[in-house]
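What follows is one structure encoded as structure tokens, with my remarks underneath.
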Amino acid sequence: MTTALNRPDVAADATPGTVPFADCWISPQARRAAQEVLTSGWVTTGPRVQAFETEFARTVGARHAVAVSSCTAGLELSLRALQLPPGAPVLVSTFTFCGAVQAILHAGLRPVLVDVDPATGMPTEATTSAAARACGGAAAMMVVHWAGDPADVPALAAAACVPGSRVVVDAAHALGATWHGRPIGSGAAVNFSFYATKNLPIGEGGMVTTDDPDTAAWLRRARLHGMSADAWRRYLPGGSWRYDVPEAGLKANLTDLQAAIGLGQLGWLPRWQRRREELAATYDELLEPLEGVGLPHRPAPSTGQHAWHLYPIRVLPSSGTTRDAVAAHLAARGIGTSVHFTPVHLLSYFRSAVVVPPGGLPGADTLFAQELSLPLYPRLGTPSVTRVAAAVADAVHGHRREAV
Ligand SMILES: *Cc1c(COP(=O)(O)O)cnc(C)c1O
């Protein structure tokens, strides 16, 4: 089969000679499945959502999977499922996506920001326990597997003195990552995103996986107005119009149209992950010799597997140049890059909405000045990776030439 995937450099519908930062490819299988849903007359939550949940749960080795409208909605529902008192403190990395922190606020809880190790982009046991002390003891914790690098969830939970059942995992980057031989996705509430640029793109959508049947049942109701779990069947022949609403829920269901696309994409995931690994290895090889360029952290092979959602490099002071100068150098050559993320404590709205530990968040401040995410997606051709790496080398060396 000849597809875009095994042809180098047909990436995106890009202007020739450019390397876009991101790409979204909807497979022929997914397009066909979407077409079938559109002609079936049943487009919202229904049998395709159920089938997608079953297949997704199998993929990540979880007992239950509950499809939701976005990872952000899933995070809010996962936090609401804990039934914490209003304003209860929840630890979260400051080096994460703003939506994750908004989910804490919308759940009526108080975000407590945790600093990161600039070498990993993630909280350490020390920064986690410092943040827990700063808020007088955390009620719950959100853990993000930043860039797809699996975090040690049990160690961080222990450092926070938070039981495993109160850890909400933000696995938006981590579909395809493993930890001690198991895919990320088993355990407490683990949240995935199917946003257009994520490892399994649908366009929009999310999934919460859990091994706890009560949490799954609660999420199933809460994602659809809090109506009794099978309310979606009420329009089917023989379905009953009767339902109850035991408590308030959200409107955060996934549609059959999205689920059909997700199912069609899922068959490609192993190939996409292998391609991401190949591309990351090529970047490693080409960038490793460059002085002042820090390669992304990854788990020891015996510990886990990186999902390679992002390929984040660090432009270190020893490079003699800056992240912004390297990004501008690449942009001038038609190469897209991004920064993940602007730390939450630097976004104006959050300044008054979150708790910042005494002493601030110096690790995140350091990393924010250095972090640069390079293009990485299955349709990226190897020649493009070579071009990106050469442009990074040129940016670093060019500066050296000017300096002498
Ligand atoms: C993309 C992302 C989210 C939000 O996902 P949506 O499905 O767009 O709501 C949350 N956290 C992280 C780390 C992300 O990258």
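The values are calculated or read from the model by the stated rules, or taken from the named source; none is laboratory data. Here the structure is a predicted model, which means the values were calculated and not measured. Note: ideal-geometry Cβ built from the backbone for every residue, glycine included; neighbour counts use all protein chains shown.
Pairs please, first residue from region 53-75 and within 16 Å of the ligand (Cβ to nearest atom), second anywhere and of a type in the set (Asp, Glu), Cβ atoms under 8 Å, 6+ apart in sequence or on different chains.
Listed by first residue and then by second, the contacts come to Ala65/Glu53; Val66/Glu53; Ala67/Glu53; Ser69/Glu204; Ser70/Glu204; Cys71/Asp170; Leu75/Asp170.
For region 337-367: of the residues being in contact (Cβ under 8 Å) with a residue 40 or more places away in the chain and assigned to a helix (DSSP H, G or I), which is surrounded by the most Cβ atoms within 10 Å (Cβ to Cβ)?
Applying the filter and picking the extreme gives Ala364.
Only residues that are within 30 Å of Gly205 (Cβ to Cβ) and outside any loop (DSSP other than H, G, I, E, B): list them for region 283-321, please.
Scanning region 283-321 gives Tyr283, Gly304, Gln305, Tyr311, Pro312, Ile313.
Might you check whether a residue that is modelled with pLDDT of 95 or more, in contact with a Pro (Cβ under 9 Å, 6 or more places away or on another chain) and at negative phi occurs anywhere in region 63-71? First the steps, then the outcome.
First, the residues of region 63-71 that are modelled with pLDDT of 95 or more: 63-71.
Imposing the further condition that a residue be in contact with a Pro (Cβ under 9 Å, 6 or more places away or on another chain) reduces the set to 63-64.
Okay, now just the ones that are also at negative phi, so 63-64.
Looking through region 63-71, at least one residue is modelled with pLDDT of 95 or more, in contact with a Pro (Cβ under 9 Å, 6 or more places away or on another chain) and at negative phi.
Would you be able to tell me the number of residues in region 146-174 that are within 16 Å of the ligand (Cβ to nearest atom), out of contact with any His (no Cβ under 6 Å at 6 or more places or on another chain), part of a helix (DSSP H, G or I) and aliphatic (A, V, I, L, M)?
So the count comes out to 2.
Give region 213-223 a look and list any residue that's crowded, with 17+ Cβ neighbours inside 10 Å, out of contact with any strand residue (DSSP E or B) (no Cβ under 7 Å at 6 or more places or on another chain) and not small (Gly, Ala, Ser), or say none.
Thr215, Trp218, Arg221 - these are the residues of region 213-223 that are crowded, with 17+ Cβ neighbours inside 10 Å, out of contact with any strand residue (DSSP E or B) (no Cβ under 7 Å at 6 or more places or on another chain) and not small (Gly, Ala, Ser).
Can we say Val143 is more than 14 Å from Pro299 (Cβ to Cβ) and within 15 Å of the ligand (Cβ to nearest atom)?
Numbers: more than 14 Å from Pro299 (Cβ to Cβ): yes; within 15 Å of the ligand (Cβ to nearest atom): yes.
So Val143 fits the description; yes.
I want to confirm something. Restricting to region 96-109 and keeping residues that are in a helix (DSSP H, G or I) and surrounded by fewer than 23 Cβ atoms within 10 Å (Cβ to Cβ), which single residue is farthest from the ligand (Cβ to nearest atom)?
Leu105
Limited to region 110-130, what total is found for residues that are surrounded by 23 or more Cβ atoms within 10 Å (Cβ to Cβ) and either part of a loop (DSSP other than H, G, I, E, B) or without any contact (Cβ under 8 Å) to a residue 12 or more places away in the chain (or both)?
Looking only at region 110-130, we keep the residues that are surrounded by 23 or more Cβ atoms within 10 Å (Cβ to Cβ), and these are 111-116, 121-123, 127-128.
Subset that is either part of a loop (DSSP other than H, G, I, E, B) or without any contact (Cβ under 8 Å) to a residue 12 or more places away in the chain (or both): 115-116, 121, 123.
Selection size over region 110-130: 4.
Which condition from (1) in contact with an Asp or Glu (Cβ under 7 Å, 6 or more places away or on another chain); (2) surrounded by 21 or more Cβ atoms within 10 Å (Cβ to Cβ) is the one that Val326 breaks?
Val326 satisfies all of (1) in contact with an Asp or Glu (Cβ under 7 Å, 6 or more places away or on another chain); (2) surrounded by 21 or more Cβ atoms within 10 Å (Cβ to Cβ) except (1).
Give the residues of region 185-233 that are away from the ligand (no atom under 16 Å from the Cβ) and in a strand (DSSP E or B), sorted by residue number.
Selection gives Ser186, Thr210, Leu224.
Taking the options Gly294, Gly304, name whichever one is touching a Leu at 6+ places or on another chain (Cβ under 8 Å), closer than 20 Å to Pro123 by Cα and in contact (Cβ under 8 Å) with a residue 40 or more places away in the chain.
Being touching a Leu at 6+ places or on another chain (Cβ under 8 Å), closer than 20 Å to Pro123 by Cα and in contact (Cβ under 8 Å) with a residue 40 or more places away in the chain holds for just one of Gly294, Gly304, which is Gly294.
What tally of residues in region 302-316 results from selecting those that are away from the ligand (no atom under 16 Å from the Cβ) and under 30 Å from Val112 (Cα atoms)?
Total satisfying the criteria: 7.
Here is a list of conditions, (1) in contact with an Asp or Glu (Cβ under 7 Å, 6 or more places away or on another chain); (2) in a helix (DSSP H, G or I); (3) small (Gly, Ala, Ser), and Ala259 meets all of them except one; can you say which number that is?
(1)
If I filter region 34-52 down to residues being assigned to a helix (DSSP H, G or I) and either among the polar types (S, T, N, Q) or under 24 Å from Pro183 (Cβ atoms) (or both), which single residue comes out as farthest from the ligand (Cβ to nearest atom)? Write out each step before concluding.
Taking region 34-52 as the starting set, the residues that turn out to be assigned to a helix (DSSP H, G or I) are 34-40, 47-52.
Applying the additional criterion that residues be either among the polar types (S, T, N, Q) or under 24 Å from Pro183 (Cβ atoms) (or both) yields 35, 39-40, 48-52.
Working: Gln35: 24, Thr39: 27, Ser40: 25, Arg48: 19, Val49: 16, Gln50: 20, Ala51: 20, Phe52: 15 Å.
Among them, the one singled out is Thr39.
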